[in-house]
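Here the structure is laid out as structure tokens; the discussion comes afterwards.
The values are calculated or read from the model by the stated rules, or taken from the named source; none is laboratory data. Here the structure is a predicted model, which is why all the values come from computation and not from measurement. Here the Cβ positions follow ideal geometry from the backbone for every residue, glycine too, while neighbour counts run over all protein chains shown. For the accessible areas, the whole protein counts, side chains as well, though only heavy atoms, and no ligand, DNA or RNA atoms are used. Shrake-Rupley method; radii C 1.70, N 1.55, O 1.52, S 1.80 Å.
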Amino acid sequence: MRWPIFFDAFGNPTRLKILLALMEAGELCTCDLSAITKLSVSAISHQLRILKDRKIVTYRKDGKNVFYRLDDDHITEILRVTLEHLSEVR
């Protein structure tokens, strides 16, 4: 995977909201992410597709519901360190 493509996924405010929500909750369905971000399910699905393609989130199906979570602990750590750094910069 190319670095710019990976980090570009973190640069979009909607995708970042999704990632932070998943970091906090652990696992959420599309409808929960829609409610959190106040965006349509369709818009959330589009952003999740980008995050899935870049191996940043993964999913599991439970009947008709699809639940998303961060792909692994490395993604969580990248987000945690970023938030920590930003809190120090202020």
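For this structure, a couple of remarks:
- Check on Ala25, under 23 Å from Phe6 (Cβ atoms), open to solvent by 30 Å² or more (accessible area, probe 1.4 Å), modelled with pLDDT of 95 or more and more than 12 Å from the chain's Cα centre (by Cα): no
- Tally of residues being over 12 Å from the mean Cα position of the chain (by Cα) and either open to solvent by less than 70 Å² (accessible area, probe 1.4 Å) or at pLDDT below 95 (or both) across the range 42-52: 1
- Residue-level analysis places Leu20 among those that are under 16 Å from Leu83 (Cβ atoms), surrounded by fewer than 17 Cβ atoms within 10 Å (Cβ to Cβ), touching a helix residue (DSSP H, G or I) at 6+ places or on another chain (Cβ under 8 Å) and not basic (Lys, Arg).
- Candidates Val89, Val57 - the one that is among the aliphatic types (A, V, I, L, M) and out of contact with any helix residue (DSSP H, G or I) (no Cβ under 7 Å at 6 or more places or on another chain): Val89
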